Amino acid sequence: MYKLTQWIYRLYFHPLSSIPGPKLAAMTSLFEFYHDVIRRGKYIWEIEKMHAQYGPIVRITPRQVHVADPEFYEKIYAGANTRREKDPEMTAFMACPTAALATIDHDLHRSRRNQLNHFFSKRNVGVLMPIIYEKVDMLCEHLRVSAEEGTVIKLSDAFVALTGDTITHYCYGQDWGCLRAKHFTNNGVWDAVAEITNTCHLFQVFPLVPRLLMALPRRLVGWVKPKLITVFDMQDRIARDSKACLKGSVVGGPPTIYHSLSNANVPAEERSLVRLREESFVLLLAGTETTAGTLTYGMYQVLRNKEIFFKLRKEVQSMALTSDGRVPWPQVESLPYLTGVVNESLRLGSLVMRFSRVAPQEALYCNGYTIPPGTPMSTSSYFIHHNPVLFPNPKVFDPERWITARQEGVNLSKYLVAFTRGTRACVGMNLSYAELYTALATIVLRFDLELYDTPPESMAFRREMIVQRPEKGLWTLKARVTGVKQETE
Ligand code: HEM
């Protein structure tokens, strides 16, 4: 009886009842549960069908709306002077409530975000650029050895090792050794990140599960979910370093994220072990599979289309290298074709989760409908990046479209929303761009590669697990290194 009353209320009397969408989605969140949890990451395709049937705004659960209107995007993901909060139901699964990413309240987020901004500013990326160069060189060494030994290299793993080692070195003062391992097998970072993205939909529905798992004895967790042990080990390690930093001991050589989070300007109540541990852990997760996935996708496209590969190499060759043979940063970011490749990689190969925002006091108006204050609203980047009006032939990886747009005075970058927009947009954007530009440019400059045993299905987008996933497993990119270029060539 209670359920029936609830369904009737949700369908006919709820503040969202006028917003179009399937009745089942309005009545119960089991609809989303079925497609995202049972069918594993398939709700995005149902949402796509809803937009085709009902228009740019749809009610996707009893309490959430999804909008596929590029012009409305910046109203949801609004800038500095507009209050935007997170939806507690979408952030609880991370079990890191004190991290900026999971902070609900607008003002508290602002204060936490301020503690991160400097560390990830373009200027600081410049200061820490030697770390990125060093990691890219280590990756290149794997490619050189692979050429010498005639072996196949799994680039998808190599890129996780690259971004994992970069973010750990950048944030914690020392890397975690993924690139030093022969097959990147020391990749606990990767296991942990993949485990978290794999369980994101389940934990979104049952946010208590990750907390309970954390409270259980390790042996029991190892029995239920062995890969979570890696996550916990990683958290322990971060906790140890956080503790040391709070006590004033030096962690590693260069300034670390712990220093940023515990310096005297940070409000005293925020200088806690819990906060340091949670923020640092989120940074590790947010900084690994994200950029690695985009690199994997971009490199896949560059290798499957030789014309793109050679155009890119020619352009990179046209620039003067640094005295130690590296691509100069930030100058490399001004190469137009490389920028096209990076932008297309972000457009088609990055996060597709519905990152929701809540306007706590403001009603929004979209396509004749009112979105009441307090409603979780979202737009998955997929719906902007595949909009055929903005990006004709949206599925085609076409770096030239960015050059043409620029020549025609069209600001296409406005619609590149891989990092979202506004106050909650990605704080690691500058670091990510530096990694993407440097790695792609260096690899095409130094090596001839060809795809190996990488059918399109292994790099397809079939499931949304925060990132894009193929039907089975993870994106897998393999290649053979067929030539190593000499510096003088
Ligand atoms: C291609 C690479 C990346 C993509 C596509 C990406 C995308 C995103 C997106 C969409 C958000 C908004 C999430 C939300 O609204 O809930 C975000 C937030 C965030 N990202 Fe990234 N990211 C990338 C790389 C990185 C890197 C390298 C770092 C490392 C520092 C990072 C750290 C963060 C953090 C800490 C937040 C939370 C910011 C806040 O809430 O204020 N990301 N990212």
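The values are calculated or read from the model by the stated rules, or taken from the named source; none is laboratory data. All values reported here derive from a predicted model rather than from experimental measurement. Every residue, glycine as well, gets a Cβ built from its backbone with ideal geometry; the counts of neighbours run over all protein chains shown. Only protein heavy atoms, including side chains, enter the accessible area calculation; ligands, DNA and RNA are left aside. Shrake-Rupley method; radii C 1.70, N 1.55, O 1.52, S 1.80 Å.
Values as computed for the structure displayed
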quantity: Some residue of the range 273-293 being out of contact with any helix residue (DSSP H, G or I) (no Cβ under 6 Å at 6 or more places or on another chain), β-branched (Val, Ile, Thr) and within 16 Å of the ligand (Cβ to nearest atom); calculated: yes
quantity: Condition met for THR91 (within 13 Å of the ligand (Cβ to nearest atom) and either hydroxyl-bearing (Ser, Thr, Tyr) or in a loop (DSSP other than H, G, I, E, B) (or both)); calculated: yes
quantity: Residue tally, condition over 19 Å from the mean Cα position of the chain (by Cα) and either within 24 Å of ASN367 (Cα to Cα) or within 12 Å of the ligand (Cβ to nearest atom) (or both), over the range 79-88; calculated: 6
quantity: Helices (runs of 4 or more DSSP H) fully within the range 190-277 counting 3 or more residues that are at pLDDT below 80 and open to solvent by 80 Å² or more (accessible area, probe 1.4 Å); calculated: 208-215, 218-224, 226-246
quantity: Criterion violated by ALA161 - all others in (1) assigned to a helix (DSSP H, G or I); (2) surrounded by 22 or more Cβ atoms within 10 Å (Cβ to Cβ); (3) in contact with a helix residue (DSSP H, G or I) (Cβ under 7 Å, 6 or more places away or on another chain) satisfied; calculated: (3)
quantity: Total residues in the range 20-75, condition hydrophobic (A, V, I, L, M, F, W, C), under 24 Å from the mean Cα position of the chain (by Cα) and either surrounded by 20 or more Cβ atoms within 10 Å (Cβ to Cβ) or closer than 26 Å to THR197 by Cβ (or both); calculated: 10
quantity: Residue count for the range 95-128, restricted to those that are farther than 30 Å from THR82 by Cβ and touching a helix residue (DSSP H, G or I) at 6+ places or on another chain (Cβ under 7 Å); calculated: 1
quantity: Some residue of the range 449-461 being part of a loop (DSSP other than H, G, I, E, B), away from the ligand (no atom under 16 Å from the Cβ) and open to solvent by less than 50 Å² (accessible area, probe 1.4 Å); calculated: yes
quantity: Positions within the range 71-108 being of a type in the set (Val, Ile, Thr) and closer than 17 Å to LEU202 by Cβ, in sequence order; calculated: THR91
quantity: Residues being open to solvent by 10 Å² or more (accessible area, probe 1.4 Å), touching a residue at least 12 places away in the same chain (Cβ under 8 Å) and part of a helix (DSSP H, G or I) - total across the range 110-123; calculated: 7
quantity: Residue in the range 321-341 that is under 30 Å from ALA92 (Cβ atoms) and in contact (Cβ under 8 Å) with a residue 40 or more places away in the chain present; calculated: no
quantity: Selected residue (only one of GLY349, GLY340 is more than 23 Å from ALA286 (Cα to Cα) and not β-branched (Val, Ile, Thr)); calculated: GLY340
quantity: Qualifying residue in the range 471-486 (condition: in contact with a helix residue (DSSP H, G or I) (Cβ under 7 Å, 6 or more places away or on another chain) and part of a helix (DSSP H, G or I)); calculated: no
quantity: Residues within the range 76-90 that are closer than 30 Å to ALA215 by Cβ and open to solvent by 10 Å² or more (accessible area, probe 1.4 Å), tallied; calculated: 5
quantity: Any hit, the range 283-298, residues being over 14 Å from the mean Cα position of the chain (by Cα), among the aromatic types (Phe, Trp, Tyr) and surrounded by 24 or more Cβ atoms within 10 Å (Cβ to Cβ); calculated: no
quantity: The lone exception for LEU101 - which of (1) within 30 Å of LEU179 (Cβ to Cβ); (2) open to solvent by less than 10 Å² (accessible area, probe 1.4 Å); (3) within 11 Å of the ligand (Cβ to nearest atom) it fails; calculated: (2)
